[in-house]
Amino acid sequence: MEARRVENVAIIGGGLAGLSAAFHLVDIAEKKRPAEQLQITIFDKAQVGLSGASAVAGGLMHPFSPRGKLIHFGQSALEQSKVLVEAAAKHRPACVLRDHLYRVALSDKNVDQLKDTASKYPELATWMSKEDLHNHVGIDCLGGLKLSNGCQVIHVPTYLEGLLEEIKMKAKDLTNGSSVKWEVIKPNDHQELNQKLKSFDSVILSAGSGLLHNHFIESDSLPVQLVRGQSIEIGLSTKEKKSFIENDAVLCGKYISPLPFSTQDTDPQASTMQRYVIGATHEFKNTPLTAPEVIEELRSRTYQFAPHLWDEGVIDKITHGVRMQSNRGAFGRMPIIGQCRPEAAGTELNHEHMWLFTGLSSRGLIYHAIFGKWLANGVLHDNENLLENEFEQFDWWRRK
C-alpha cells in the first residue's frame, strides 16, 4: 500500500527537540522530494529561545557521563549535533561560546576513570594533570579532561534563533508553497489548538515537560519524571577574575559556564563584565527550593573551583526550567520517539497521526539532532518502522 503523503506538519514545542525535527523534515524533503510541497508550523507559548527548559539549558555539548563513559550513540550523536550547530552559526555565530570545555575529577577513582576516557577517545578527550589545569586554566583540582573536537559550549537561546533562521532559509529552496512558520499559542486552550490541528497531516509533540503541564498527555502514560533545575547567573568584573578560570566552562558535578557579554549599549560596564551561569539544582519535589537554598547548594558544590567568582561576583538572577527526564534503561536515559497513540497516552489532543519526541532531559544538546533526524524520516514517510532501522529498541518506552 502506498504511504500516506505528509505535506503539512505541526510541531508543538519549539525547543531543541522541536527545531531539530523541523530542520530534518526540511533537510530530508530537500534531498529526497524537492519538487513536493512541505509546510511546517511550530506552535509554542513564546517566541523562539524564550521559554521551556531549552531556553535555560547550560549549553555544554559532549558525549560523556560524569564517570567518563561514552553514552549510547555518543559519537554519532555528537557528529549530528555538530551539523546543526554549524548550520545555526551561519546566522548566529555568537551561539558558539567556546570550542572546548573541561571535566574535573572529583575523587581518586574519578581520576582513573577520566584517564581511561582519554586513553580510549583521544580524539575527543585529553587528560590534564592538576598542575596543567592550575597553570593553564586556573582550576585547583585533582586533574581532569579537556573535551574538544566538537565538544563545545553553546548559548542555547541564540542557537535556537540561528537554527530557526536556517530552517526557514532551507524551506525556500523547496517547491513554491513550502514554508516554515512560528505561531505563539495558549497551550491550555485545547479546543482552539485542536481546531488548528485539523488542517495538518501529522503532529509532533515535542514540548518537553509542557506535554504534562498542559495535559497534552497523561503523566502515567510515559516512563518519565519531571525534574526542576535552578541556576544562577552571576557577573564578574574582568578586573577581578585574576585567579579564576579563564572564561572556560567546567563540569564539576555541577557546571560553571560563560555567558555572552551584555549587549545593552546603555550599560557602561558591559565591556568589562563577564557573566557566568552556575547550575543546576536537581529537584523532584513539587515545592521549589528558595533562592537562598539554591545559592547555598550551588555554592557548596562549586566554590572550590571558582572562589573569586563567588567572592567577587554579583548574582544577577536565578533561572529555572523543568525537564522531562526518562527513566533509566538498558542504554541509559534515552529520548522518547515514536507514534503517539491517543488511547494509550490519554491525550486531550484530537489527531489521528501524532508523534512523540521528548525526554531529552539534561542530554538535549547531544541527543536532539540524531533522534530528530530519525523521527523526521519516520514522520515524512509516515512509517514508524524506519525508526527501528536506526535504533532497534526505539520503542523501549512502551515496554513494561
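When the alpha carbon gyration tensor of the stretch 299-369 is reduced to an equivalent ellipsoid, its three semi-axes come out at 39, 16, 10 angstrom, largest first.
Taking a quarter of the surface of the Cα convex hull of the stretch 1-86 gives a mean projected area of 8.0 nm². Less than 14 Å Cβ to Cβ from GLN113, Lys/Arg counted +1 and Asp/Glu -1: what total charge do the surrounding residues give? Here the count lands on +3. Neighbours of PRO34, meaning other residues whose beta-carbon lies under 14 angstrom from its beta-carbon, give a summed charge of 0 when Lys and Arg score +1 and Asp and Glu score -1.
For the stretch 155-231, the carbon plus sulfur part of the accessible surface works out to 42%, probe radius 1.4 Å.
Taking the dipole about the Cα centre of the chain, with the C-beta of Lys and Arg at +1 and of Asp and Glu at -1, give me whichever of HIS62, ALA171, VAL6 is farthest to the positive side. Farthest towards the positive pole: HIS62.
Sorted largest first, the spans of the alpha carbon positions of the chain along the three principal axes are 65, 49, 43 Å. Rolling a 1.4 angstrom probe over the protein heavy atoms with all chains in place gives the chain an accessible area of 45 Å² per residue. Rounded to the nearest 10 degrees, the inclination of helix 16-32 to the longest alpha-carbon principal axis of the chain is 50 degrees.
If you take the alpha carbon atoms of the stretch 1-48 and fit the smallest convex hull around them, that volume is 84 Å³ per residue. Under the shape rule built on the C-alpha gyration tensor, where the axes satisfy a ≥ b ≥ c, the stretch 360-400 is oblate, since a/c reaches at least 1.5 while a/b does not exceed b/c. May I ask you to derive the relative contact order of the chain, considering only C-alpha pairs under 8 Å and at least 6 residues apart, and to give it as an integer percent? Answer for the chain is 25 percent. About its Cα centre, the dipole of the stretch 274-335 is roughly 400 debye, where the only charges are +1 on Lys and Arg Cβ and -1 on Asp and Glu Cβ. The peptide list 8-15, 374-381, put in order of mean Cβ contacts within 10 Å with the highest first, becomes 8-15, 374-381.
Spin-label model, ASN247 to SER65: label points 7 Å out along the Cα-to-beta-carbon direction sit 3.5 nm apart. The simple Förster model, with R0 at 51 Å and r as the Cβ-Cβ distance, assigns ALA291 and ARG33 a FRET efficiency of 0.50. For the peptides 280-288, 126-134, the ranking by mean Cβ contacts within 10 Å, running from highest to lowest, is 126-134, 280-288.
Highest average first, the peptides 301-314, 351-364 ordered by how many other beta carbon atoms sit within 10 Å of their residues are 351-364, 301-314. Expressed as a whole number of Å, what is the distance separating the alpha-carbon centroids of the stretch 278-320 and the stretch 111-152? Using only Cα atoms, the two centres lie 25 Å from each other. The count of lysine pairs in the stretch 1-124 with alpha-carbon distances below 24 Å, taking only pairs 8 or more places apart or on different chains, stands at 11. Restricting the calculation to Cα atoms, the stretch 121-257 shows an Rg/Rh of 1.10 when the hydrodynamic-style radius is the Kirkwood one.
The values are calculated or read from the model by the stated rules, or taken from the named source; none is laboratory data. Model, not experiment: these values are computed from the prediction. Positions of Cβ are backbone-derived with ideal geometry, glycine not excepted, and every protein chain shown enters the neighbour counts. To get the accessible areas, we keep the full protein, side chains included, count just its heavy atoms, and leave off ligands, DNA and RNA. Shrake-Rupley method; radii C 1.70, N 1.55, O 1.52, S 1.80 Å.
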